[in-house]
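What follows is one structure encoded as structure tokens, with my remarks underneath.
The values are calculated or read from the model by the stated rules, or taken from the named source; none is laboratory data. Every value quoted in this text rests on a predicted model; they were computed, and no experiment measured them. Using ideal geometry, Cβ is built from the backbone for each residue, glycine included, and neighbour counts are taken over all protein chains shown. All accessible areas refer to the heavy atoms of the entire protein, side chains included, with ligands and DNA or RNA removed. Shrake-Rupley method; radii C 1.70, N 1.55, O 1.52, S 1.80 Å.
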Amino acid sequence: RWRCGMETQRRGDVRVYVTGFGPFAEADVNPTQVLVEGLHEGSDVSGVATLAGCFVCDVDCEKSTALVATLREGAETVCAEPSASGAPAAVVFVHLGVFASATSFRVESRAYNEATFRYPDASGRQPRNVPIRPEDGGVDQCLRTTIPVDAVVQRLRMKGHDCVVSDDAGRYLCNWIYWESLRAAAAPNRNAHALFVHVPPFAAVPEETQRKFLNDLLAVVADACRSRV
């Protein structure tokens, strides 16, 4: 579901797109939906970036893939335009998912080409040990984000947030959308980046704290991407 329209893009060095998920078996109320729906259309991020699009996606394989296709189309348009500095603009996709047993934030460094679902998705699909994209190879293939996750986590810790770098995003929809997004961001002639972050339930970390984390996360990531423009 749309929360912010792509037509709200403004000229700037970095355009940020944020996604979250709706309810599923482990979260009747998904905190990422609440967080994403609380973002403001067209707002500035760190003074140099624009929050260009925000989406809440059903916990569904096909809809996740379709959402990434929409993001890819937006990235193609943005990267074809000059930024305010005259250099090609950068795009970053920031995906959020809930980790039901987490008590801190997990910044994911990679995704695997594997779908092994503990629970069916919203359409009843429950793949086991199969590639997300068979044309990309087997389930042992991984893609790594181009965003410097160690530096991002260090800066977030300096701001008082309890977060870690993780190299395992699971094998459910979080990993699925991350694989698709990293794949889209890696296309040639596109200054695009992707990042996935797992957040804890609100029972473990209150909503207000998570909103502050998300605002700081977007600012830090936008700044990291700006340095690459």
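What fraction of the Cα pairs in segment 167-229, stated in percent, has a spacing above 14 angstrom? Walk me through the intermediate numbers first.
Details: 1318 of 1953 pairs.
The calculated P(r) of segment 167-229 puts 67 percent of pairs beyond 14 Å.
Using the Karplus curve 6.51 cos²θ - 1.76 cosθ + 1.60 with θ = phi - 60°, what ³J(HN,Hα) values do you get for each residue of segment 18-23, in whole Hz, with x for Gly and Pro?
Per-residue couplings from phi come out as 10, 10, x, 10, x, x Hz.
Could you do me a favour and compute the accessible area per residue for segment 109-229, 1.4 Å probe, result in Å²?
On a per-residue basis, segment 109-229 sits at 46 Å².
Diagonalise the Cα gyration tensor of segment 113-229 and give the resulting equivalent ellipsoid semi-axes, square root of 5 times each eigenvalue, largest first, whole Å.
Calculated on Cα positions only, the semi-axes equal 27, 21, 11 Å.
Suppose R0 equals 25 Å. What FRET efficiency, 1/(1 + (r/R0)^6) with r the Cβ-Cβ distance, do residue 130 and residue 28 give to the nearest 0.05?
About 0.35, to the nearest 0.05.
Please report the orientation-averaged projected area of the chain, defined via the convex hull of its C-alpha atoms, in nm².
Values: hull surface 44.5 nm².
The directionally averaged projection comes out at 11.1 nm².
Which residue, 167, 44, 140, tops the fluctuation ranking in a GNM of the chain built on C-alpha contacts under 10 Å?
140
Most mobile of 185, 49, 27 per a Gaussian network model of the chain (Cα springs, under 10 Å)?
With Cα springs under 10 Å in the chain, the top fluctuation among 185, 49, 27 is at 27.
What's the local net charge at residue 142, with K and R +1, D and E -1, over the other residues with C-beta under 15 Å away?
Within the 15 Å Cβ shell, the charges total -2.
Could you order the peptides 216-224, 148-156 from most to least packed, using the average number of other C-beta atoms within 10 Å per residue?
Per-residue Cβ counts within 10 Å, averaged per peptide and sorted highest first, yield 216-224, 148-156.
Can you tell which of 196, 99, 24 shows the greatest fluctuation in a Gaussian network model of the chain with Cα springs below 10 Å?
Of the options given, 24 has the highest mean-square fluctuation.
Please report the carbon-and-sulfur percent of the accessible area for segment 78-223; probe 1.4 Å, protein heavy atoms only, DNA, RNA and ligands left out.
Carbon and sulfur atoms account for 50 percent of the accessible area of segment 78-223.
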